[in-house]
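> Mind having a look at this structure? Questions to follow.
The values are calculated or read from the model by the stated rules, or taken from the named source; none is laboratory data. Since the model is a prediction, treat every value here as computed from it, not as a measurement. Because the Cβ atoms are built from the backbone with ideal geometry, glycine has one as well, and the counts that use them run over all protein chains shown.
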Amino acid sequence: MAKEIERKFLVKNLFFKELGVPHKIKQGYICTEKNRVVRVRLYDEQAFLTLKSASVGFSREEFEYEIPLKDAEIMLQTLCIQPVIEKTRWVIPQGKRKWEIDVFEGENLGLIIAEIELENEAETFKIPEFIDKEVTGDVRYYNSFINQNPYSKW
């Protein structure tokens, strides 16, 4: 069993692009219920199946398994709620942690979200200058929400 402890923020400028490496992501949801989500993700040339519980505070249970790339491509086309999410992720190291900044495409164009995973909810961390308002706990910024409620329609 794995626990995901993460904080989410909006981003106010694109300065982060100079600090990290971009990765292409395509992801879809098989299930988006109140207490659980099941996600299929292509991350560059790898594929994953992820199950997540509902959040309690900044934490939730997360189980992630690598799956064959071809299987994931079929799942995205045939099993996932459409349209799938497409985004570019920049990974930026910060000490023993890393920021992951997602620049959304398609119907979610214009939305940029930064996340940092922590060891515990009380852990402190430095907030880079490109970070804006915190949106942790605001379900509108969950990928599973914007999959069915695109940012362009807010």
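> Output the residue which, of all residues in the range 9-39 that are buried (at least 18 other Cβ atoms within 10 Å of the Cβ) and over 17 Å from V84 (Cβ atoms), is modelled with the lowest pLDDT.
Among them, the one singled out is F16.
> Check off (1) surrounded by fewer than 13 Cβ atoms within 10 Å (Cβ to Cβ); (2) in contact with a Leu (Cβ under 9 Å, 6 or more places away or on another chain) for G137 and give me the number that stays unchecked.
Status for G137: all satisfied but (2).
> Additional query: Given the criterion surrounded by fewer than 16 Cβ atoms within 10 Å (Cβ to Cβ), in contact with a helix residue (DSSP H, G or I) (Cβ under 7 Å, 6 or more places away or on another chain) and small (G, A, S), identify the matching residue among G106, G110, G57.
On the way: G106 fails: in contact with a helix residue (DSSP H, G or I) (Cβ under 7 Å, 6 or more places away or on another chain); G57 fails: in contact with a helix residue (DSSP H, G or I) (Cβ under 7 Å, 6 or more places away or on another chain).
Unique residue meeting the criteria: G110.
The rows are residues; the columns are (1) more than 14 Å from the chain's Cα centre (by Cα); (2) surrounded by fewer than 18 Cβ atoms within 10 Å (Cβ to Cβ); (3) at pLDDT 95 or above; (4) part of a strand (DSSP E or B).
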site: K3; (1), (2), (3), (4): yes, yes, no, yes
site: R41; (1), (2), (3), (4): no, no, yes, yes
site: F48; (1), (2), (3), (4): no, yes, yes, yes
site: A72; (1), (2), (3), (4): yes, no, yes, no
site: W99; (1), (2), (3), (4): no, no, yes, yes
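> Within the set of pairs 6+ apart or on separate chains, which have a first residue in the range 110-139 that is outside any loop (DSSP other than H, G, I, E, B), a second that is hydroxyl-bearing (S, T, Y), and C-beta atoms under 7 Å apart?
Listed pairs, sorted by first residue: I113/Y141.
> (1) surrounded by 13 or more Cβ atoms within 10 Å (Cβ to Cβ); (2) modelled with pLDDT of 95 or more; (3) not hydroxyl-bearing (S, T, Y): which one isn't true of E66, the others all being true?
So E66 meets the others, but not (1).
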